[in-house]
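A.B. asks: Got a structure for you, written out below as structure tokens; questions coming shortly.
What follows draws every value from the coordinates through simple rules; no lab data is involved. Being a predicted model, the structure only gives us computed values, none of them experimental. For neighbour counting, all protein chains shown are included, and Cβ atoms are generated from backbone atoms with ideal geometry for every residue, glycine included.
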Amino acid sequence: MAKKRKALIAGNFKMYLSSEEVKRLARAISDFVSQKKYEDRDVMIAPPFPYLMAAVDSVNPSFVSVGSQNLYFEKEGAFTGEVSPLMVKDCGATYSIIGHSERRKYFFETEELLRKKITAAISNGLIPVYCVGEKIEDRNNNRHFDVVKRQVEEALREINFRSDNLVIAYEPVWAIGTGVNASPEQAEEMHLFIRNLISGIRDKNISENIRILYGGSVKPDNIDSLMKMENIDGALVGGASLKAEQFTRIIDYRI
Ligand code: 13P
């Protein structure tokens, strides 16, 4: 069974690994994907900032893309500790994860800030992977659709994105790093909801072609059932992307 949209399997290495480990892992992933020569899926890895160039140099760019885990929206300036989209691009990266729940939680990132980051990424030719997702108390109080609607609409409303220069990742906070993934049905329900929101903000064509990834405890043993869902176009993988054996099995999902 073929998927409607080209899938994207992305690894978020978070704040883990040494330079040697990043290079080794990137090479192993690249070797695997180069052999498989998939036509129906893309692969991306997002190492910590200091290792972006090392990761770019370790992969075959025809088969594996590299992304940053964050960026700042200004082009340059006195912003100590920040990294601009131009710099990310200059390192050879092509994607940038924006608005991960850990950035929202620990670094107080708001939709207003994230809108600027997404705009800056797109105008510099980077593909943002914009993350949204509710907390457990939102879901328990049946507010999960309201929360995700606000995250999607407030950040994306005024941006002229296309389906090929923006990716959305639904990552319910309660599923991240917990070992409890959203069920394929729960994820599918939210992905369809997000797709309909995109249709309202932009148009039907964009909403039908934009890729919506699922993230939160994706593992080799649940990827196949998640990817069987019509509106799940890929995965944003944390912990399991740090082990070549696990991540390559996720990349090699079977539906
Ligand atoms: P885990 O796969 O470790 O749950 O992390 C998901 C995530 O946050 C990816 O961005």
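A.B. asks: In the Gaussian network model of the chain, springs joining C-alpha atoms below 10 Å, which of LYS116, LYS149, LYS243 carries the largest mean-square fluctuation?
C.D. replies: Of the options given, LYS243 has the highest mean-square fluctuation.
A.B. asks: Then there is this: Among LEU242, ILE255, ILE9, which residue has its Cα positioned farthest towards the positive end of the charge dipole of the chain, with +1 placed on the Cβ of Lys and Arg, -1 on the Cβ of Asp and Glu, and the dipole taken about the Cα centre?
C.D. replies: ILE255
A.B. asks: Hey, in the GNM for the chain with a 10 angstrom Cα cutoff, which one of GLY216, GLY67, GLY125 fluctuates hardest?
C.D. replies: With Cα springs under 10 Å in the chain, the top fluctuation among GLY216, GLY67, GLY125 is at GLY125.
A.B. asks: Region 164-217 to region 134-150: how many Å between their Cα centroids?
C.D. replies: Computed from Cα coordinates, the inter-centre distance equals 14 Å.
A.B. asks: With the Cα gyration tensor of region 71-112 giving a ≥ b ≥ c as the square roots of its eigenvalues, does the rule (a/c under 1.5 for rounded; else a/b larger than b/c for prolate; else oblate) give rounded, prolate or oblate?
C.D. replies: Here region 71-112 falls in the oblate category.
A.B. asks: Fewest first, what order do CYS91, CYS131 take by the number of other Cβ atoms within 10 Å?
C.D. replies: Listed from fewest to most nearby Cβ atoms, that is CYS91, CYS131.
A.B. asks: Could you name the aspartates and glutamates in cross-link range of LYS243, using Cα to Cα under 17 Å and dropping any fewer than eight places away on the same chain?
C.D. replies: Hits, sequence-local ones excluded: GLU20, GLU21, ASP31, ASP221, ASP252.
A.B. asks: What value, in deg cm²/dmol to 500, does the helix sum -39500 (n - 2.57) over DSSP H runs of n ≥ 4 give at 222 nm once divided by the residues of the chain? Before the final figure, lay out the partial values.
C.D. replies: Working: 11 runs with 105 residues, N = 255.
About -12000 deg cm²/dmol.
A.B. asks: Which of the three applies to the chain, rounded, prolate or oblate, going by the alpha-carbon gyration tensor with a ≥ b ≥ c and a/c under 1.5 meaning rounded?
C.D. replies: Rounded, because the longest to shortest axis ratio a/c is under 1.5.
A.B. asks: Here is a follow-up. With 32 Å as the limit, write out which pairs from LYS37/LYS105; LYS4/LYS149; LYS116/LYS228; LYS3/LYS75; LYS23/LYS117; LYS204/LYS228 have Cα-Cα distances beyond it, or answer none. Write down the numbers at each step before the final one.
C.D. replies: Numbers: LYS37/LYS105 38 Å; LYS4/LYS149 24 Å; LYS116/LYS228 34 Å; LYS3/LYS75 37 Å; LYS23/LYS117 28 Å; LYS204/LYS228 22 Å.
Going by Cα-Cα distance, LYS37/LYS105; LYS116/LYS228; LYS3/LYS75 fall outside the 32 Å limit.
A.B. asks: Let me ask something else about it. May I ask for the net charge around LEU8, where only other residues with Cβ less than 12 Å from the Cβ of LEU8 are counted and Lys, Arg are +1 while Asp, Glu are -1?
C.D. replies: Result for the local shell: +1.
A.B. asks: Please state the shape class of region 110-195: rounded when a/c is under 1.5, otherwise prolate if a/b exceeds b/c and oblate if not, all from the C-alpha gyration tensor.
C.D. replies: prolate
A.B. asks: Could I ask something else about it? How many angstrom separate the Cα center of region 80-119 from the Cα center of region 5-34?
C.D. replies: 20
A.B. asks: Among THR94, GLN186, ILE29, pick out the residue whose Cα is farthest towards the positive end of the charge dipole of the chain, where Lys and Arg carry +1 and Asp and Glu carry -1 on C-beta, about the Cα centre.
C.D. replies: Looking along the dipole axis, the top candidate is ILE29.
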